[in-house]
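Novice: Below: one structure in structure tokens.
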Amino acid sequence: MKKTLLAASFAALMSTTAQADTLLGLYIGGQIWANEASGSFGEGLDNQTVFDFDDQNQGSFYVAFEHPIPLIPNIKIASTTLDTVGGTTLSETFVFNQVPYTANSTLDTTLDASFVDYTLYYEVFDNDLLSFDFGLTARDLDATINIVEPVTMLQSGLDVSGIIPMAYLSTIIGLPFTGLNVFAEANFISFDDQTVYDAQIGVSYSILDNLAVDFDVTLGYRKMKMELNDLDGFYSDLTYDGFFAGAVVQF
């Protein structure tokens, strides 16, 4: 009897977990993110230096597809660009990609990074008042880091690429009769001196809502941390944060 009840409970849980849209849904969204970058990087846990980075406007967009088929996850593909430049004056010797820079040297750096998130997720709730999704994300990161000492023209560079597995959570809370929604979303992982998270919270407002298409505008705050421990030979403790504005279209 206990086994029967347990099996029934498990089946009910799986049915709830695999809840999906009653119809097919295609979401296309994007945002302009005015972020501030800060932190350090190098080629070892004890060989990093802090750079002063310029503020930048970064672009991000995504496409998500939801369906009514139970147990098969929905899919979301998101792309973000993180390009910035910075500089520092060394207080001690700094080695990057086997090139040594002496103390009191002034360095310029260019850090061009981008990543694509491939997310598979399930909907636990999906109605006008509350939606909650959970899943797994594979973050495909590519970065190019260049350092130059302008006086001597001594320079070094490093190309970095790798896949970062992350947990995914997303929720939307509807505010009845207002056209407003409060939303939050996060990708995160932490293990072995490595912590990566990408979280945002904001408000959306429905401009258009009918059977053919929905159109929302969004405003919010996003923060990203990349504490990497030997990702393709790259070590970092970088933070990006700032406000964003965007739009989402649903077909």
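Novice: Considering only the range 51-66, I want to know if a residue exists there that is in a loop (DSSP other than H, G, I, E, B) and either at pLDDT below 90 or β-branched (Val, Ile, Thr) (or both). Spell out the reasoning first.
Specialist: First, the residues of the range 51-66 that are in a loop (DSSP other than H, G, I, E, B): 54-55.
From what's left, either at pLDDT below 90 or β-branched (Val, Ile, Thr) (or both): none.
No - not one qualifying residue is present in the range 51-66.
Novice: Which ones in the range 168-206 are touching a residue at least 40 places away in the same chain (Cβ under 8 Å), hydrophobic (A, V, I, L, M, F, W, C) and assigned to a loop (DSSP other than H, G, I, E, B)?
Specialist: Scanning the range 168-206 gives no hits.
Novice: Can you report the number of residues in the range 39-50 which are open to solvent by less than 60 Å² (accessible area, probe 1.4 Å) and either assigned to a strand (DSSP E or B) or charged (D, E, K, R) (or both)? Steps first, please.
Specialist: At the first step, the residues of the range 39-50 found to be open to solvent by less than 60 Å² (accessible area, probe 1.4 Å) are 39-42, 44, 47-49.
Retained after the next criterion (residues that are either assigned to a strand (DSSP E or B) or charged (D, E, K, R) (or both)): 39-42, 48-49.
So the answer is 6.
So that you can scan it fast, the table gives a plain yes or no per residue for (1) among the hydrophobic types (A, V, I, L, M, F, W, C); (2) in contact (Cβ under 8 Å) with a residue 12 or more places away in the chain; (3) more than 15 Å from PHE41 (Cα to Cα); (4) outside any strand (DSSP E or B):
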{"position": "ALA103", "(1), (2), (3), (4)": "yes, yes, yes, yes"}
{"position": "LEU107", "(1), (2), (3), (4)": "yes, yes, no, no"}
{"position": "VAL116", "(1), (2), (3), (4)": "yes, yes, yes, no"}
{"position": "THR119", "(1), (2), (3), (4)": "no, yes, yes, no"}
{"position": "LEU141", "(1), (2), (3), (4)": "yes, yes, yes, no"}
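Novice: Another one. Could you check GLN56 against (1) open to solvent by 50 Å² or more (accessible area, probe 1.4 Å); (2) over 20 Å from the mean Cα position of the chain (by Cα); (3) closer than 21 Å to SER236 by Cβ; (4) not β-branched (Val, Ile, Thr) and say which number it fails?
Specialist: (2)
Novice: Out of everything in the range 148-171 that is more than 29 Å from GLN194 (Cα to Cα) and in contact with a strand residue (DSSP E or B) (Cβ under 7 Å, 6 or more places away or on another chain), what residue ends up being surrounded by the fewest Cβ atoms within 10 Å (Cβ to Cβ)? So that I can check it myself, show each step before the final result.
Specialist: Narrowing the range 148-171 to residues more than 29 Å from GLN194 (Cα to Cα): 149-154.
After this cut, where a residue has to be in contact with a strand residue (DSSP E or B) (Cβ under 7 Å, 6 or more places away or on another chain) as well, the list is 149-150, 154.
Working: GLU149: 17, PRO150: 12, LEU154: 15.
Step by step, filter the range 148-171, then rank; the result is PRO150.
Novice: May I ask you to list the residues in the range 170-211 that are closer than 16 Å to VAL248 by Cβ, within 22 Å of the chain's Cα centre (by Cα) and of a type in the set (Gly, Ala, Ser)?
Specialist: Result: SER170, ALA184, GLY202, SER204.
The values are calculated or read from the model by the stated rules, or taken from the named source; none is laboratory data. The structure presented is a predicted model; accordingly, all values stated were derived computationally and were not measured. A quick note on method: Cβ atoms are made from the backbone with ideal geometry, for glycine too, and the neighbour counts reach across all protein chains shown. Just the protein is used for accessible areas: all its heavy atoms, side chains included, with ligands, DNA and RNA removed. Shrake-Rupley method; radii C 1.70, N 1.55, O 1.52, S 1.80 Å.
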